[in-house]
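Chemist: Mind having a look at this structure? Questions to follow.
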Amino acid sequence: MGSLLYNQYEGYMREKFVHLLSDYGLYLVLLILVVISALLSPLFFSYRNISNLLTQSSFTGLLALGMTFVILTGGIDLSVGSIVGFASILYATLLHGSIFTFMPETIFIYKAAPELTPVFPLAVNFLFVLFIGAVVGSISGSISYKIGIHSFIVTLSIMIFIRGLAISYTHGQPLFGVPDYVSFLAYGTLFYIPMPAIIWIFASAISIILLKYMRFGRRIYAVGGDEEAARLSGINPAIYRISPFLFSGVFASLVGIMMCGRMACGDPKIAQGWELDAIAAVVIGGTSLFGGKGSIGGTIVGVLIMGLIINIMNLLEISTYPQQMVKGVIIVTALALQNILAKRSYA
Amino acid sequence: MKKESVQLLKQRVAGLNLGRYLALVLLIGIASFLAPGFLTLRNVMNLLRSFSFLGFISIGMTFVILSAGLDLSVASLLAFSGVIVALMQHWGIYLGHIDQLSFIYPIPFIFITVLVIGSLMGFVNGLIITKLKIADFAVTLGMMVFARGMAYAISGGRTIFGVSAANQFMGRGMIGRIPFVAFLLLFSIVVCSIVLRYTVFGKNLYASGENPEAARLSGINPALYKITVYTISGFFAALAGICMAGRLDLGEPRVAQGWELDAIAAVVIGGTSFAGGQGSVVKTIVGVVIIGLIRNILSLLGILPAPQQMIMGLVLLSAVILQSLGSRKRD
């Protein structure tokens with residue numbers, strides 16, 4: 001009798017532990033990684049390293065925000081890295097309108113004059129690139145939803161298409177020269193906080209409000225959780241399946257513009273493989289690939305964890321190739337842990 | 001009565017899916033128009049050889065897609081196998097002997113080891129997918145990054161020059177006027193077709209791909225089949241890697257980037273359904289030839305790699321869309 005009670009108690013404690021682990025495990029991992037980094041290098045807590053870490057995380061972070069929307073509805077967007085490259089070269093082109101006069105001889109594209117000759121008024125250039133990102137995203141979303149093909153194969157095709165387009169039109173050459181306000185987006189600070197981090201925080205806040213406190217967000221969860229049930233209760237799934245890809249495209253083109261500032265040029269070859277970092281961050285953050293479960297908060301922690309892991313590997317002077325291997329292992333491990341914890345806590 | 005028979009005929013013709021053969025003839029027509037020497041025996045043999053490498057991984061991919069899965073790691077496994085097969089013939093590289101060959105053990109064992117390693121990595125894919133119940137593309141995406149990283153890591157990102165004569169024969173040897181790889185591919189096609197069509201394994205594979213639940217209820221273990229197809233895919237990726245190392249006479253971690261897409265496109269163009277349970281290896285080979293011809297024609301036209309990439313993206317997308325629309329009509 002006593003042992004039965006004890007067993008029940010033990011079972012209860014174990015269940016509680018699993019619950020705690022699946023709720024707060026992420027923060028624990030983050031904390032452990034911070035401690036490890038701090039132990040590895042006394043410079044970790046310096047202003048410079050932290051702001052650097054934040055800046056680097058912001059780019060992945062913005063992509064991961066869009067990716068969270070997509071994955072919440074059960075899709076996946078592999079095209080974000082390519083859209084970053086494409087947006088970056090497109091934005092640079094728009095800033096150097098004069099190269100259009102040399103178009104027949106493509107060589108002039110990358111010998112563009114340093115003086116800026118914007119095609120549209122300044123803010124319009126910016127918005128135009130975001131608009132193109134939105135168009136590309138909604139094309140992937142529409143094809144995948146309307147024709148009923150899984151989004152990873154659609155976005156895979158779009159990924160190679162967009163990258164090919166970006167590279168072929170400048171022959172892979174970067175386009176130099178960006179105005180100061182674009183560099184400010186990448187290098188500037190506001191109250192000692194780096195600008196990319198501010199943009200990331202701002203975008204995260206909007207995403208959280210959208211997902212948590214608005215009808216739109218609740219419907220995204222509903223459609224992602226069970227599309228048929230959502231449809232039967234009067235929600236039009238098309239909007240909620242396509243718009244996440246639009247968000248993802250917009251965030252990716254925003255990152256493209258910011259990368260323009262960071263590299264001081266538009267470069268069609270940047271951000272290769274960043275879609276993996278974004279997916280890894282989202283998955284680490286506990287968003288389920290089946291859709292309907294997850295949060296922006298988790299994704300932010302996931303991005304920070306990824307950033308810290310990369311930072312630690314850099315501190316340990318591990319070269320980029322093994323770092324890639326580690327990334328592959330991280331994605332699969334995070335997914336496995338997610339499944340195991342989900343099974344435990346609902347069993 | 002007459003109407004019915006016309007309809008039946010229509011259905012039969014639609015069932016044959018003549019579109020892809022039409023595309024094939026069209027592409028051959030375009031190619032021979034663009035390049036006068038296209039249909040010479042020598043060029044055809046050359047093409048046959050260049051198609052074979054993609055052919056191997058597409059055969060593996062067919063098995064995987066038949067089981068309603070997807071293997072994104074094949075190209076990375078190919079590169080990884082190519083690097084280890086070269087490394088095992090350059091064991092002295094760690095002692096600074098860069099130029100001379102030094103085998104870790106006799107060459108047949110090297111081949112076997114590499115094939116086993118490839119199969120093992122495929123097996124791991126299958127094991128993770130079935131036991132931990134993670135989506136196929138996510139696991140193989142992880143393996144893709146991992147294996148490519150391994151290929152870079154063990155070679156230090158450098159090219160390993162020179163492989164033995166036996167290995168070269170795998171990639172560029174000729175039997176009469178026919179390339180050895182083409183023979184190897186033909187052999188693989190025949191074996192795989194027989195396995196798929198006439199064995200219990202094949203029948204069960206189709207069944208478990210089409211409807212895993214129904215298959216499970218009739219006593220088939222779908223997990224077992226899933227693990228097996230990924231192992232097969234890994235095996236063929238390793239085989240392609242060995243032949244590729246022989247063809248290039250080097251081990252190189254950068255080869256075959258993006259080939260997983262070509263393989264998927266080939267399988268889809270060949271008419272194997274993404275939903276699983278429908279398709280065949282022979283059809284896939286038609287897809288491989290179509291993809292190869294498109295690439296060949298683009299090169300003949302002098303189109304640079306980046307625009308080629310763009311066009312291949314569109315080809316893949318339209319193949320997938322057409323297939324999806326086609327299967328919807330049939331339903």
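Chemist: Does any residue in segment B:140-167 that is at the interface with chain A (Cβ under 9 Å from one of its Cβ atoms) come within less than 6 Å, Cβ to Cβ, of a residue that is among the charged types (D, E, K, R) and buried (at least 24 other Cβ atoms within 10 Å of the Cβ) six or more places away or on a different chain, and which pairs are these?
Modeler: none
Chemist: In a helix (DSSP H, G or I), in contact (Cβ under 8 Å) with a residue 60 or more places away in the chain, away from chain A (no Cβ under 14 Å) and touching a Ser or Thr at 6+ places or on another chain (Cβ under 8 Å), is that true of B:Gly92?
Modeler: no
Chemist: With the checklist (1) closer than 26 Å to A:Val182 by Cα; (2) away from chain B (no Cβ under 14 Å); (3) of a type in the set (A, V, I, L, M) in hand, flag the one item A:Ala278 doesn't pass.
Modeler: (2)
Chemist: Sticking with this one: Kindly indicate whether A:Leu40 is at pLDDT 85 or above and surrounded by fewer than 21 Cβ atoms within 10 Å (Cβ to Cβ).
Modeler: On the way: at pLDDT 85 or above: no; surrounded by fewer than 21 Cβ atoms within 10 Å (Cβ to Cβ): yes.
It is false that A:Leu40 is at pLDDT 85 or above and surrounded by fewer than 21 Cβ atoms within 10 Å (Cβ to Cβ).
Chemist: Which one of A:Val332, A:Val303 is surrounded by 15 or more Cβ atoms within 10 Å (Cβ to Cβ), over 30 Å from A:Pro42 (Cβ atoms) and modelled with pLDDT of 80 or more? Outline the logic, then answer.
Modeler: Working: A:Val303 fails: over 30 Å from A:Pro42 (Cβ atoms).
Among A:Val332, A:Val303, only A:Val332 is surrounded by 15 or more Cβ atoms within 10 Å (Cβ to Cβ), over 30 Å from A:Pro42 (Cβ atoms) and modelled with pLDDT of 80 or more.
Chemist: Restricting attention to helices (runs of 4 or more DSSP H) lying wholly within segment A:124-221, give those where 1 or more residues are under 30 Å from B:Phe137 (Cβ atoms) and either touching a Ser or Thr at 6+ places or on another chain (Cβ under 9 Å) or not small (Gly, Ala, Ser) (or both). Steps first, answer last, please.
Modeler: Details: elements: A:151-170, A:180-187, A:195-213.
So the answer is A:151-170, A:195-213.
Chemist: Sticking with this structure for a sec: Among the small types (Gly, Ala, Ser), touching a Lys or Arg at 6+ places or on another chain (Cβ under 7 Å), at pLDDT below 90 and surrounded by fewer than 24 Cβ atoms within 10 Å (Cβ to Cβ), is that true of B:Gly302? Break it down into steps so the answer makes sense when it comes.
Modeler: Details: among the small types (Gly, Ala, Ser): yes; touching a Lys or Arg at 6+ places or on another chain (Cβ under 7 Å): no; at pLDDT below 90: yes; surrounded by fewer than 24 Cβ atoms within 10 Å (Cβ to Cβ): yes.
Taking the combined requirement at face value, the residue does not satisfy it.
Chemist: For segment A:290-339, give me each residue that is under 22 Å from A:His19 (Cα atoms), among the polar types (S, T, N, Q) and at the interface with chain B (Cβ under 8 Å from one of its Cβ atoms).
Modeler: A:Asn339
Chemist: Another question, if that's okay. What number goes with the only condition from (1) touching a Lys or Arg at 6+ places or on another chain (Cβ under 8 Å); (2) within 14 Å of another protein chain (Cβ to nearest Cβ) that A:Ala230 does not pass?
Modeler: (2)
Chemist: For B:Lys133, only one of the following conditions fails: (1) surrounded by fewer than 20 Cβ atoms within 10 Å (Cβ to Cβ); (2) on the phi < 0 side of the Ramachandran plot; (3) within 8 Å of chain A (Cβ to nearest Cβ). What is its number?
Modeler: (2)
Chemist: Are there any pairs, at least 6 apart or on different chains, whose C-beta atoms fall under 6 Å, with the first in segment A:39-58 and part of a loop (DSSP other than H, G, I, E, B) and the second surrounded by fewer than 13 Cβ atoms within 10 Å (Cβ to Cβ) and not charged (D, E, K, R), and if so, which?
Modeler: Qualifying pairs under 6 Å: A:Phe44/A:Ala38.
Results for (1) closer than 25 Å to A:Ile83 by Cα; (2) aromatic (Phe, Trp, Tyr); (3) surrounded by fewer than 16 Cβ atoms within 10 Å (Cβ to Cβ), shown as yes or no for each residue.
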{"site": "A:Ile209", "(1), (2), (3)": "no, no, yes"}
{"site": "A:Ala222", "(1), (2), (3)": "no, no, no"}
{"site": "A:Asp226", "(1), (2), (3)": "no, no, yes"}
{"site": "A:Ala229", "(1), (2), (3)": "no, no, yes"}
{"site": "A:Leu232", "(1), (2), (3)": "no, no, yes"}
{"site": "A:Ile235", "(1), (2), (3)": "no, no, no"}
{"site": "A:Ala238", "(1), (2), (3)": "yes, no, yes"}
{"site": "A:Leu246", "(1), (2), (3)": "yes, no, no"}
{"site": "A:Ser253", "(1), (2), (3)": "yes, no, no"}
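Chemist: Aliphatic (A, V, I, L, M), within 14 Å of another protein chain (Cβ to nearest Cβ) and touching a residue at least 60 places away in the same chain (Cβ under 8 Å) - does that describe any residue in segment B:111-121?
Modeler: Checking segment B:111-121: at least one residue is aliphatic (A, V, I, L, M), within 14 Å of another protein chain (Cβ to nearest Cβ) and touching a residue at least 60 places away in the same chain (Cβ under 8 Å).
Chemist: Within the group B:Phe201, B:Phe146, B:Phe161, B:Phe183, which residue is among the aromatic types (Phe, Trp, Tyr) and touching an Asp or Glu at 6+ places or on another chain (Cβ under 9 Å)?
Modeler: Details: B:Phe201 fails: touching an Asp or Glu at 6+ places or on another chain (Cβ under 9 Å); B:Phe146 fails: touching an Asp or Glu at 6+ places or on another chain (Cβ under 9 Å); B:Phe183 fails: touching an Asp or Glu at 6+ places or on another chain (Cβ under 9 Å).
Exactly one residue qualifies, and that residue is B:Phe161.
Chemist: What's the number of the only condition in (1) under 30 Å from B:Ala135 (Cβ atoms); (2) of a type outside the set (Gly, Ala, Ser); (3) at pLDDT 85 or above that A:Leu21 fails to meet?
Modeler: (3)
Chemist: Taking helices (runs of 4 or more DSSP H) that do not extend beyond segment B:207-324, which have at least 3 residues that are touching a residue at least 40 places away in the same chain (Cβ under 8 Å) and either more than 14 Å from every other protein chain (Cβ to nearest Cβ) or closer than 30 Å to B:Gly37 by Cα (or both)? Talk me through it step by step, then tell me what you get.
Modeler: Working: elements: B:212-217, B:222-248, B:259-269, B:281-300.
The helices (runs of 4 or more DSSP H) meeting that bar are B:222-248, B:259-269, B:281-300.
Chemist: In segment B:114-128, which residues are of a type in the set (Val, Ile, Thr) and under 20 Å from the mean Cα position of the chain (by Cα)? Show your work before the answer.
Modeler: Here is the first cut: in segment B:114-128, the residues of a type in the set (Val, Ile, Thr) are B:114, B:116-117, B:124, B:128.
Answer for segment B:114-128, where residues must be of a type in the set (Val, Ile, Thr) and under 20 Å from the mean Cα position of the chain (by Cα): B:Val114, B:Val116, B:Ile117, B:Val124.
Chemist: Just give me the residues in segment A:212-221 being within 12 Å of A:Thr73 (Cα to Cα) and either among the basic types (Lys, Arg) or in contact (Cβ under 8 Å) with a residue 40 or more places away in the chain (or both), in sequence order.
Modeler: The answer is A:Arg218, A:Arg219, A:Ile220, A:Tyr221.
Chemist: Could you tell me how many of the residues in segment B:99-142 are of a type in the set (A, V, I, L, M, F, W, C) and assigned to a loop (DSSP other than H, G, I, E, B)?
Modeler: First, the residues of segment B:99-142 that are of a type in the set (A, V, I, L, M, F, W, C): B:101, B:103-104, B:107, B:109-112, B:114-117, B:120-121, B:123-124, B:127-129, B:132, B:134-135, B:137-139, B:141.
Now narrow it down to the ones that are assigned to a loop (DSSP other than H, G, I, E, B): B:101, B:103-104, B:132, B:134-135.
Going through segment B:99-142 one residue at a time, the tally reaches 6.
Chemist: Could you please give the count of residues in segment A:255-274 that are within 14 Å of another protein chain (Cβ to nearest Cβ) and either crowded, with 22+ Cβ neighbours inside 10 Å or under 14 Å from the mean Cα position of the chain (by Cα) (or both)?
Modeler: Filtering segment A:255-274 for residues within 14 Å of another protein chain (Cβ to nearest Cβ) gives A:267-269, A:272-274.
From the residues that got through so far, the ones that are either crowded, with 22+ Cβ neighbours inside 10 Å or under 14 Å from the mean Cα position of the chain (by Cα) (or both) too are A:267-268, A:272-274.
So the count comes out to 5.
Chemist: Could I ask something else about it? Search segment B:143-175 for residues being part of a helix (DSSP H, G or I) and hydroxyl-bearing (Ser, Thr, Tyr), and hand back the single one that is surrounded by the fewest Cβ atoms within 10 Å (Cβ to Cβ).
Modeler: Step one: of segment B:143-175, the residues part of a helix (DSSP H, G or I) are B:143-155, B:165-172.
From the residues that got through so far, the ones that are hydroxyl-bearing (Ser, Thr, Tyr) too are B:152, B:155.
On the way: B:Tyr152: 22, B:Ser155: 24.
In this case the residue turns out to be B:Tyr152.
Chemist: Just a yes or no: is a residue in segment A:264-281 modelled with pLDDT of 80 or more, of a type outside the set (Val, Ile, Thr) and in contact with an Asp or Glu (Cβ under 9 Å, 6 or more places away or on another chain)?
Modeler: yes
Chemist: If A:Ser288 satisfies every condition in (1) crowded, with 20+ Cβ neighbours inside 10 Å; (2) out of contact with any strand residue (DSSP E or B) (no Cβ under 7 Å at 6 or more places or on another chain); (3) under 26 Å from A:Val136 (Cβ atoms) but one, which is the exception?
Modeler: Every listed condition holds for A:Ser288 apart from (1).
The values are calculated or read from the model by the stated rules, or taken from the named source; none is laboratory data. For clarity, every value in this text was computed on a predicted model and none was experimentally measured. A quick note on method: Cβ atoms are made from the backbone with ideal geometry, for glycine too, and the neighbour counts reach across all protein chains shown.
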